Each structure stands twice: as C-alpha cells, then as structure tokens.
Amino acid sequence: MRTRAIILAGGEGSRLGVLTAKRAKPAVPFAGKYRIIDFALSNCVNSGIFDVLVLTQYRPHSLNEHIALGRPWDLDRSFTGGVMLLQPYQGRHDNDWYAGTADAVTQNINFLRRGHPRNTLILSGDHIYEMEYDMLVEYHEDMNADATVCVIPVPIEEAPRYGIMHTAPDNRIIDFVEKPVNPPGNLANMGVYVFKTGILEELLLEDTTRPDSRHDFGYNIIPRMMELGMKVMAYPFSGYWIDVGTVDAYWEAHMDLLASPPSLDLNDRSWIIHTRSEERPPVKIERGAIVEDSMITDGAIISEGAQVIRSVVSPGVYIGPGARVVETVILTDSYVERNATIERAIIDKGVVVSEGARVGERTLSGELGIACVGKNTIIPPNFLVKHEVYIGTDMTVDEISEQFPDGEIPAGARVGIKLRT
C-alpha cells in the first residue's frame, strides 16, 4: 500500500463560538450544502487516495452521521481502503482524550500500521482548499524526504497563528517555530504533512516518553526531526487555502466564494467537492425579489420583494416578503420573517429572525464586526442586534426580551453563551 490518509477532525473549534456549541469544527456547514471536512475528504478521493482514517473527539455525532459509511466519497469499501471513523476510548488510563495532534495518531497506531502503507498523509479536517495530494506524495518520494510539510505565505500580521519556517533554496526546512509571538517570516505550515510511515511510528512512540511534550506535530514532532538531522522538505502551495478557525475567517471564506471570479471555484467539474446531500425541492424565487452575487441552495424560498445581496442561503431557508439579507451566511432551515434585515452576520441552523428585527450592521471603524446567532434561537420582533454580537443556542423570545427590555442588544454583547462541560 502506498499512502494512507489520516484526517484530524477532533477539534473543539472554540474560536468559532456558537457555531461549534453543538458540533465539531469539521462538521460546521459551509457554502450552503457542504461541511468543512468535505474538502479534505474530496481532496483524498480526487487524488486517488481511498484509504482514510478520520480521528474524531469533540461532539462527534453530527460528523459521524454526515460521513457514515463514506458513500458520497466512494469510500464505502468492504475489503481494501474505505473510510474509518475512530474516537478516543478508555485504555491505558482512566481518561484517554487526545492530548495533541500527534497523540491522536499514536492512540490509533495499530490502524496506522495496518497494511504497511509506505507513506502516511496527515491532514486537518477544518481547512478550505483544493489540493492534488498525489502530486504532493510524488514530490515527497522524489525528494526521498523523511517528512514533507505543505507551506503557504500568509500576511505577516496573521503569522503568529501558524507554525513559521525558513527554507533553503532546495526547499529543505532549516528552521521551524510554532506560533511565534514575533514571527521571523510568513511562510506558514498548512497542517498538511507526508511522512515515511516507519519513521513516523518511531517518532510517535519516542514522543510518548517525553513528559514535557505537547504531543503535537507542530510543537514537537517536526522540531524533533530537525534536531535529529532528518530530511524535512517544504512543499510550496500556490492555490487558495484558508483556516476557517474564527468567525471572521469563516465569514470571509464565504465572501471569497462570492467574488467574481471566486477564489475557489466550486463549479469546477474536474475537481468535485463531494458531500452527503438531503433531498430538497428546487429553489423558489418569487416576483419582485432581488438576488445578486449570492449562492441559493435547494429548498430555499426568496419571497416577494425580498433582497438577497452577496449572501449564502442554505437548504430550506425562508426569506420573507420585504426582508433584506446582505453579506450574510444563513444555515439550514432558518426563517427570516417579513421586513427583517440581516447584514454582515452568520445565522446558524433553525434560527428565526422575527418580523421587523435587524441583525448585524456595517461598522464605522471598517472592522468586520460580524454578528453571530446560535442554533434554534429566536430573535424577537423589531429587535435591534448590533455588530459583533454573539447569541447562544436555543434562546427564546422571552429570554432575550427579559435581558434587553429596550429591544436593543448593544455592540459586542455576548448573550446566552454557556460554558462547555
């Protein structure tokens, strides 16, 4: 066997706020009909890699339901290959939650060994991009590298969020620092790695003996390889890639899709992003409605006189008469009532924005100021929800009205956000 892929999909995604209150980050809906993890899964099968392990942890139920046997990705295979979802289990200790990205693989090392793959491809399940992994593996083998790390330049102000590296002219990595406060450059680790499987296994087992280790690929495994003088190569990537780990990044990624031309072309039939789709009726757009530069998904209804401008409308969403939706992402089965206005916001599944309510606004400072409303919450009629407000899940009209009797939620407020246990 040449290559086995391992997708790390256990992240809590706390920086996505209310969007991950009830689901893991890779399971968050994206671009109307997809989930974030669909991109890594589709990249695998489009690259001819059909042996995939998905390591889950935090609130895995929606992710397990979405992937199931892997049929939409042609991964429902009985003998060789296919997809396998693996979760932490009690074994060596009373609580064996994954301690880090490397530990997640270590705890499933028996599955890594099975079939003796020559290479192991490690992927993050929460990035949006399209990549030919087969070309990456070919480069890795041509270079006879012990490990290959995919890299991309990022804006210097964002560099502290990533592992930053320095390379020699032949692309060999000569310096690597994880999430530096004062980054020495802007060449960022994308969280996509290829290892020689035997070497990866040795490194993982050694890492378990280090009490000061975070058991993380970026903090520990790659730096350890460099300490040992192993050959670690950089693979420059020039396409579109974004880590949608924050509310702002998630919103920006959707706006990138609506650009002309889009930063990532989902209509490219040579590289299909596969997903598990529900059966929904066709889109209905009524007389006098205006829809511009937007994605409208199956089952959505845009009522008479409504406006949808530069927005993403997911399956089953209802936009009522005279409602106005601008630069907004609305997730499945939400309901926007008559004459409501939503601007620069993210509306989770099953939300009701009641008649005459206003959610979100453009900021005078030029910052994004995205408002975010959690799953199944009901915004009271004629309420004003200002910019950068986060509202938790399952909030009722009475709960919101009692907290804000004047009918306005001030900018930056956090409403009904519960601590996770």
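The values are calculated or read from the model by the stated rules, or taken from the named source; none is laboratory data. Because the structure is a prediction, the values reported are computed rather than measured. Note that each Cβ is placed from the backbone with ideal geometry, even for glycine, and that neighbours are counted across all protein chains shown.
Sort out which residues of the stretch 29-79 are within 22 Å of Asn267 (Cβ to Cβ) and not in a helix (DSSP H, G or I), and write them in order of number. Answer for the stretch 29-79, where residues must be within 22 Å of Asn267 (Cβ to Cβ) and not in a helix (DSSP H, G or I): Pro29, Phe30, Ala31, Gly32, Lys33, Tyr34, Arg35, Ile36, Ile37, Ser47, Asp74.
For residues that are in a strand (DSSP E or B) and more than 26 Å from Arg71 (Cα to Cα), tally how many sit in the stretch 272-311. Please lay out each step first, then the result.
Residues of the stretch 272-311 that are in a strand (DSSP E or B), as a first pass: 284-285, 290-292, 295-296, 301-302, 307-309.
With more than 26 Å from Arg71 (Cα to Cα) added as a condition, the list becomes 284-285, 290-292, 301-302, 307-309.
Qualifying residue count, the stretch 272-311: 10.
Among the residues making up the stretch 4-34, those that are among the basic types (Lys, Arg) and either modelled with pLDDT of 95 or more or over 13 Å from the mean Cα position of the chain (by Cα) (or both) are Arg4, Lys22, Lys33.
Hey, any hits in the stretch 230-244 for a residue that's within 19 Å of Ala40 (Cα to Cα), of a type in the set (Lys, Arg) and in a loop (DSSP other than H, G, I, E, B)?
Taking the stretch 230-244 and keeping what is within 19 Å of Ala40 (Cα to Cα), we get 235-244.
Checking the rest, the ones that are also of a type in the set (Lys, Arg) come to none.
No, the stretch 230-244 has no match at all.
Yes/no matrix, rows are residues, columns are (1) among the aliphatic types (A, V, I, L, M); (2) in the same structural domain as Gly369 (by TED's automatic domain parsing):
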{"position": "Ile221", "(1), (2)": "yes, no"}
{"position": "Arg224", "(1), (2)": "no, no"}
{"position": "Gly229", "(1), (2)": "no, no"}
{"position": "Thr246", "(1), (2)": "no, no"}
{"position": "Trp251", "(1), (2)": "no, no"}
{"position": "Ser263", "(1), (2)": "no, no"}
{"position": "Ile273", "(1), (2)": "yes, no"}
{"position": "Arg276", "(1), (2)": "no, no"}
{"position": "Ile296", "(1), (2)": "yes, yes"}
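Could you go through the stretch 320-328 and let me know if any residue there is over 25 Å from Ala413 (Cβ atoms) and outside any loop (DSSP other than H, G, I, E, B). No - not one qualifying residue is present in the stretch 320-328.
Entry remark, the stretch 178-222: residues being touching a residue at least 40 places away in the same chain (Cβ under 8 Å) and in contact with a strand residue (DSSP E or B) (Cβ under 6 Å, 6 or more places away or on another chain) number 14 in total. Residue count for the stretch 31-77 under the criterion of being on the phi < 0 side of the Ramachandran plot and of a type in the set (Gly, Ala, Ser): the result is 4.
Would you pick out the residues in the stretch 124-161 that are part of a helix (DSSP H, G or I) and either at pLDDT 95 or above or more than 24 Å from Pro183 (Cβ to Cβ) (or both)?
Here is the first cut: in the stretch 124-161, the residues part of a helix (DSSP H, G or I) are 133-142, 156-161.
Tyr133, Asp134, Met135, Leu136, Val137, Glu138, Tyr139, His140, Glu141, Asp142, listed by residue number.
So that you can scan it fast, the table gives a plain yes or no per residue for (1) touching an Asp or Glu at 6+ places or on another chain (Cβ under 6 Å); (2) not in a helix (DSSP H, G or I):
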site: Asp170; (1), (2): no, yes
site: Met190; (1), (2): no, yes
site: Ile199; (1), (2): yes, no
site: Glu206; (1), (2): no, no
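Mind telling me which of the residues Thr297, Thr275 ends up being crowded, with 17+ Cβ neighbours inside 10 Å, within 30 Å of Cys44 (Cα to Cα), among the polar types (S, T, N, Q) and touching a Gly at 6+ places or on another chain (Cβ under 9 Å)? Give the steps one after another, and end with the answer.
Numbers: Thr275 fails: touching a Gly at 6+ places or on another chain (Cβ under 9 Å).
Only one candidate qualifies: Thr297.
Would the stretch 224-239 turn up any residue that is of a type in the set (Phe, Trp, Tyr), in contact (Cβ under 8 Å) with a residue 12 or more places away in the chain, surrounded by 18 or more Cβ atoms within 10 Å (Cβ to Cβ) and out of contact with any helix residue (DSSP H, G or I) (no Cβ under 6 Å at 6 or more places or on another chain)? Scanning the stretch 224-239, I find no residue that is of a type in the set (Phe, Trp, Tyr), in contact (Cβ under 8 Å) with a residue 12 or more places away in the chain, surrounded by 18 or more Cβ atoms within 10 Å (Cβ to Cβ) and out of contact with any helix residue (DSSP H, G or I) (no Cβ under 6 Å at 6 or more places or on another chain), so the answer is no.
Of all the residues in the stretch 324-333, those that are farther than 30 Å from Arg71 by Cβ and in contact (Cβ under 8 Å) with a residue 24 or more places away in the chain number 2. Arg358 meets all of the listed conditions (1) without any contact (Cβ under 8 Å) to a residue 40 or more places away in the chain; (2) over 17 Å from Ile319 (Cβ atoms); (3) among the charged types (D, E, K, R) but one, namely (2).
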